[in-house]
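The values are calculated or read from the model by the stated rules, or taken from the named source; none is laboratory data. Quick caveat, the model's predicted, so the values are computed rather than measured. Cβ coordinates were reconstructed from backbone atoms using ideal geometry, including for glycine residues, and neighbour counts include every protein chain displayed.
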Amino acid sequence: MTISAGLPSPKPVSRKQVVVDGLDTSYLEGGEGKTVVLLHGGEFGAGAELGFERILEALAARYHVLAPDILGFGHSAKVVDFNDGRGLRIRHVAAWCRVLGIDSAHFVGNSMGAVMLLADQTSDHPLLPVRSLVAICGGGEIQQNEHMQALYDYDATMPAMRRIVEALFHDPSYPADGDFVRRRYESSTAPGAWEAVAAARFRRPDAPAQPAGAGTGRLVGDRPYERIAVPTLVVEGECDKLLPSGWAKQLADRVRDGTAAVIPQAGHCPQIEQPGAVSRLLLEFFENQCARARVTEQRK
């Protein structure tokens with residue numbers, strides 16, 4: 001997929017709050033036009049602002065952009081469902097869309113946000129109003145290594161947050177940036193934040209262990225990706241420490257209308273490390289979908 005050179009002029013983005021099913025839900029909003037919804041990752045300290053701040057304004061120059069703090073993160077309610085945590089979050093995002101009157105949107109997810117989108121769109125009854133789907137570094141089999149352990153063994157200290165940042169990024173300047181690490185640390189230790197994310201990682205002693213992807217030769221799981229009925233772009237970070245090389249193409253090949261792209265010199269959060277490249281990639285993908293929709297409409 002060719003990435004064009006220019007980016008539009010940035011537009012301001014503001015934070016808003018709404019109550020959805022009795023739960024405080026915070027989100028960022030900016031721009032006009034077709035709607036793009038951004039769903040952030042699930043690491044300790046994650047949220048809409050930290051996850052997407054470097055591409056929000058570029059996207060808002062051409063689209064109506066919305067980025068919620070998913071339940072348990074950021075400024076949204078710190079709520080956990082031990083029976084169906086992912087399902088709760090998907091249902092809550094779907095309800096949030098209804099409250100805001102969103103009946104169709106381009107959806108972009110990073111890491112946990114991407115897995116939420118893939119889980120919803122491969123389910124028997126998808127809930128999210130997805131017009132097209134972009135999965136950034138979410139959907140591959142996570143590798144069982146020290147970087148994965150850093151995401152799980154977080155004790156709410158600055159050194160532990162630095163290890164998380166090291167796991168997420170290819171560029172060593174990120175874990176060396178004290179201000180950046182502290183922002184994530186402070187987000188992870190806001191009231192209820194650590195508890196909400198840690199709770200999702202609890203497993204009772206007699207529960208079966210999750211199957212490991214590393215060493216099995218499997219790059220992606222056995223989710224029925226052929227069910228995905230919308231155009232899908234799967235984005236891999238060339239230097240991702242958490243996912244195996246080549247997983248994006250393997251996943252995209254199982255989607256009826258799937259495309260894969262690799263962002264050079266990027267780890268698990270390419271939209272932060274390489275915001276210009278990711279913004280151009282997303283804008284081109286959205287424009288292609290709009291052009292296809294116009295052609296389809298003209299043929300009717």
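Which of the residues spanning the range 119-158 are under 29 Å from Val230 (Cβ atoms), free of Cβ contacts under 8 Å to residues at least 60 places away in the same chain and not in a loop (DSSP other than H, G, I, E, B)? Matches in the range 119-158: Asp120 only. Just one of the listed residues (Thr232, Thr259) is surrounded by fewer than 23 Cβ atoms within 10 Å (Cβ to Cβ) and among the hydroxyl-bearing types (Ser, Thr, Tyr), and it is Thr259. Only one of the listed residues (Ser104, Ser76, Ser26) is of a type in the set (Ser, Thr, Tyr), modelled with pLDDT of 95 or more and out of contact with any Asp or Glu (no Cβ under 9 Å at 6 or more places or on another chain). That residue is Ser104.
Residue-by-condition table, conditions (1) at pLDDT 95 or above; (2) over 30 Å from Ala60 (Cβ atoms):
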| residue | (1), (2) |
| --- | --- |
| Ala196 | no, no |
| Pro205 | no, yes |
| Gly267 | yes, no |
| Gln271 | yes, no |
| Glu284 | yes, no |
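Are any of the residues in the range 76-87 touching a helix residue (DSSP H, G or I) at 6+ places or on another chain (Cβ under 7 Å) and assigned to a helix (DSSP H, G or I)? Yes, the conditions are met somewhere in the range 76-87.
Condition first: under 16 Å from Gly237 (Cα atoms) and surrounded by 15 or more Cβ atoms within 10 Å (Cβ to Cβ). Now tell me which residues in the range 149-172 satisfy that. Write out each step before concluding.
Kept after step one, since they are under 16 Å from Gly237 (Cα atoms), are these residues of the range 149-172: 165-172.
Correct list: Val165, Glu166, Ala167, Leu168, Phe169, His170, Asp171.
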